[in-house]
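The values are calculated or read from the model by the stated rules, or taken from the named source; none is laboratory data. Just so it is clear, the structure is predicted and the values come from calculations on it, not from any experiment. When we count neighbours, we look across all protein chains shown, and the Cβ atoms used for this are built from the backbone with ideal geometry, even at glycine.
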Amino acid sequence: MRAWRPALLLMALVLFLAWTDSAGFRQGIVRNTQACAVTQMLALPPGVDFVAIGSSRIRQGIDPQHMIQASGGRLRQPMNFGRGGRSVQRNFAILEDLLERGARPAAVMFEVDLDRLASNAVTRSIPVPRDIGILSFPALLATYGAHPDRPLVERLQNIALKVLVKLRTSLMYTFSGDAIGHHLLALRTEQAEATCRVPNYDVRLPEHVAKTEALVKHYDQVFGPSRRTAEDDRFQAGHGLHAQDELHYLNRARQVAARYRVRLIVTQPWNAGQPPLSGQAQARIRAIIPEFVYPPADLVRASWDHFFDHNHMDVQARRAYSGWLAQEVVRGMAP
């Protein structure tokens, strides 16, 4: 019996690693809405024809039901996979998992972080995001090639550290008891919610007002008193480690979408009071991201008074943005 113990332990370890690397498990490694996130992946309804992937700004800014109406019925089953916090590696993991599990939407909206794309910040070492555990092992190991200009030893150390962070996160999620509970809930659910909304997230609190006013004041200082007619022309592609990371996951997303013949739409929502991107800035973005889409400047300006906090649109702005997006998706669909 003792001779079998090492083999049994090895088998248990392999099974644990396989389970924690499954799509349903990894989707639970998110901030808030964990149960809904797992259910969305494991109980995905059939016939999904549009998917939005990104931060809480995507989650709060896109209304799947209104997209159905605004598309004139061309879209029948849109889904919003927005999650709290910006995370391009999480966006990529969601996209890859969805397509590998059989989803074939006509288009996928993929959020990028323009601030990180423009970053030239000097960091001591390659970043290790705290939610790196949402990546599968193959995708995690592939990040070795994200920074080819860094020394070999540093890249290997970075991969080892990411694996350790992934294992630690998996252990914490497992022993919290939530992993099994979220899976059981997903198995009992016939069809996932179209959006993982946070309860009372649209309630405007005094601190929301203060933050919004502070952000608008900041934009007034940067763009002057003509902010309502000014445009933001500041984007320049960066070459720092954060910019390289952003481009790595974007390129991987592009490859996965091409493999499954799914149209990729890339964008980033704006903040309350933030001037629309200028045509020149958009051209510089499209030089590195041809799939980048952005709404008309008038739509951006009209939204400023319809944010419930400094980052998130209220119902009126959400409907306008969703309506524009529906038309953008329909234009790229086959007749």
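Scanning the range 195-214 for residues that are modelled with pLDDT under 85 and aliphatic (A, V, I, L, M), which turns out farthest from G85 (Cα to Cα)?
Only one residue fits best here, namely V203.
Take the range 7-50 and flag every residue that is on the phi > 0 side of the Ramachandran plot and either among the aliphatic types (A, V, I, L, M) or surrounded by 14 or more Cβ atoms within 10 Å (Cβ to Cβ) (or both).
Listed by number, the residues that qualify are N32, T33.
Just checking, does the range 130-147 include any residue being modelled with pLDDT under 95 and farther than 28 Å from I285 by Cβ?
yes
Residues that are out of contact with any His (no Cβ under 8 Å at 6 or more places or on another chain) and small (G, A, S), at least 1 per element: which helices (runs of 4 or more DSSP H) completely within the range 52-143 meet that? Even if it seems obvious, please write down each step before you answer.
Details: elements: 56-61, 64-70, 88-100, 114-117, 137-142.
Filter on the range 52-143 gives 64-70, 88-100, 137-142.
Looking at the range 181-199, I want the residues that are under 12 Å from G24 (Cα atoms) and have a partner that is of a type in the set (S, T, Y) with Cβ atoms under 6 Å, at least 6 apart or on another chain. Which pairs are those?
A186/T39
How about the range 259-306: which of its residues are under 19 Å from the mean Cα position of the chain (by Cα) and closer than 13 Å to D232 by Cβ?
Q268, W270, N271, I285, Y294
Check every one of the helices (runs of 4 or more DSSP H) wholly within the range 269-335 and list those with 2 or more residues that are surrounded by 20 or more Cβ atoms within 10 Å (Cβ to Cβ).
297-303, 315-331
Looking at R259, R263, R252, which is the one that is over 26 Å from I126 (Cβ atoms), modelled with pLDDT of 95 or more and surrounded by 16 or more Cβ atoms within 10 Å (Cβ to Cβ)? Reasoning before the result, please.
Values: R259 fails: surrounded by 16 or more Cβ atoms within 10 Å (Cβ to Cβ); R252 fails: over 26 Å from I126 (Cβ atoms).
None of the other options fit; the residue is R263.
Which of (1) over 26 Å from V293 (Cα atoms); (2) touching a residue at least 60 places away in the same chain (Cβ under 8 Å); (3) part of a helix (DSSP H, G or I); (4) of a type in the set (V, I, T) does V14 not meet, given it meets every other one?
(2)
Per-residue answers, yes or no, for (1) over 21 Å from the mean Cα position of the chain (by Cα); (2) over 30 Å from A12 (Cα atoms):
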| site | (1), (2) |
| --- | --- |
| T123 | yes, yes |
| V128 | no, no |
| D149 | yes, yes |
| R168 | yes, no |
| L187 | yes, no |
| A194 | no, yes |
| V198 | no, yes |
| A210 | yes, yes |
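So, in the range 92-124, exactly how many residues are without any contact (Cβ under 8 Å) to a residue 40 or more places away in the chain and either of a type in the set (S, T, Y) or crowded, with 20+ Cβ neighbours inside 10 Å (or both)?
The qualifying residues number 0.
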